[in-house]
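What follows is calculated from the coordinates using simple rules that are stated; it is not laboratory data. Only a predicted model underlies this, so the values are computations on that prediction, with no experimental measurement involved. Here the Cβ positions follow ideal geometry from the backbone for every residue, glycine too, while neighbour counts run over all protein chains shown.
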Amino acid sequence: MADINFTKKSLLRPHTSTLPGSVKPVESKTGATKLVIGATYSYGQNVSLTSSDGLSYLQSQPSQLTSRREPSPNPPGITFSSDINDDISDKDSSKSQEKEVEDEPVINSDPSTLIEKSSIGLKPDIALLIKDPMKTIDSMKLSNSTVKQLNETQRLRLERCLNKFKDVLQSANIDLDALRNLSWLGIPNELPSELRSITWQLLLEYLPCNADRQVKTLAQKRQEYFESVSKAYAKGIADRTIWHQIHIDVPRTNPGTVLYQCETTQQCLERILYVWAIRHPASGYVQGINDLVTPFFQVFLSFYIDENPENYDTSYLPKNVLDVIEADSFWCLSKLLDGIQDNYTFAQVGIQRQINKLKDLINRINAPLAAHLQKEGVEYLQFAFRWMNCLLMREMPLKHIIRMWDTYLAERLDGFSVFHLYVCVAFLDKWSDYLKSRDFQEIMIFLQSLPTETAKWKEQDIELLLSEAYRLKSLYHEAPNHLSRV
């Protein structure tokens, strides 16, 4: 088996960042190598967990941070006079000290520079795109660069697909069932990027189906978000604990991608997550939610630019464009989390329930694999916690996650809970032959470094995974007798 990297390092930080259920080989005092399971977001320490105490440990462990000047969380129209700088030594991570520092506003005295900078990569008619995104539907077509790369059969197929979407979206009252049927099969990347952005907002019922209400509703919701930001930061950062954890997690998000290492992007994500946490005190902020906002942010960014969003520096965006991307991302994240909020409340009971169901289903559909995992002492919590907590976002490239979310969103409210469970079942079952021939250590290492980041893992693999999940859901969901022998 090829060498596997056990850790991933942030581009901005020297520390190792791991998620719940991760596995590290650690040399003991005797020189022997043992596995440490469940070292969660720990910096400079390794903690061994069992399935029974895993979740309680996740709730109790504080995170630590390399010293870095905290970017200002300033929302529109608000200025703060202080900032936090957590000074933590790599050699002694238990000592940290908060220092209040003055936050000087950066003033550019040359307006022409701002105008030139803000126009890079933007689509035309930005003001219209912001006010009424649906106005773009009539003019949607395959780009010239895309057409040049297609043969005649491919071009005709994509044009038919685009026309089907346009027929649905141009209705005065959009038929969501018809839109779900189209989105379930995936929105081809060759189609205009505006299409996915609009479709996702409609399927989440953030954008109204009634054409007469769309412009007014968008303006109201965006304004409501800005007011929530202003209220959350009116007297500075009220909940330093939540803000501190968010501020640690955001730079870890997609560390190999330019978009998410851009300071402007990170400040947007920090505000989104902090405002959401303040508005949802029952759960607050939980590690992993930072991953869930990124598909929305990236898809909505692509609505306004002509470049690859993953390589885009958001500091080039005009403020009004950045504001609406941030607001739309907040509301769509909120809609998603409304359906899976018990995953993030105390003890994360929703995730525990999903892991138990995953185990039951594997026992039923692949008894030899289930028996082997039990024989080797593999606990599902050790690898599946991350699958449920982050919706497989740590297991696959973001481009594949975005494709999966086309289908998840088409599955109504159950997409990120019930359907995701069956995707995880199909995902584990896919590696069955390999896993059955390996021991505990090899199994855990493999499940923490799955070969889904390689060039061999293509969109066709995602299509097969979703199809298998649909088949399994059709057989077993709401059919408890199928599990009676478990």
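Here are some notes:
- If R0 equals 25 Å, the separation of the Cβ atoms of K436 and E459 corresponds to a calculated FRET efficiency of about 0.35.
- Net lengthening on full extension, K166/S230 (0.36 nm per residue, minus Cα-Cα): 19.3 nm
- Charged-residue dipole, Cβ positions (Lys, Arg, Asp, Glu), region 402-486 about Cα centre, Debye nearest 20: 160 debye
- For the peptides 194-202, 179-187, the ranking by mean Cβ contacts within 10 Å, running from highest to lowest, is 194-202, 179-187.
- Counted residue by residue at 0.36 nm each, then reduced by the alpha carbon distance between them, the extension gain from E152 to D138 reaches 2.8 nm.
- Here the peptides 298-306, 429-437 are ranked by packing, the mean other Cβ count within 10 Å, and the order with the highest first is 298-306, 429-437.
- One decimal place: the segment D125-R279 gains 52.0 nm when fully extended, by the rule 0.36 nm per residue minus the C-alpha distance.
- Trypsin sites (Lys or Arg not before Pro) restricted to region 204-236 and DSSP loop, no more than 13 other C-beta within 10 Å: K235
- Loop-located trypsin sites (Lys or Arg not before Pro) in region 440-479 (DSSP state not H, G, I, E or B) with no more than 12 neighbouring Cβ atoms inside 10 Å: K456, K458.
- Contact order for region 351-486, expressed relative to its length and based on alpha carbon pairs under 8 Å spaced 6+ residues apart, stands at 34 percent.
- For I305, the amide hydrogen comes within under 5 Å of the amide hydrogens of K123, counting only partners 5 or more places away or on other chains and with H modelled in the peptide plane.
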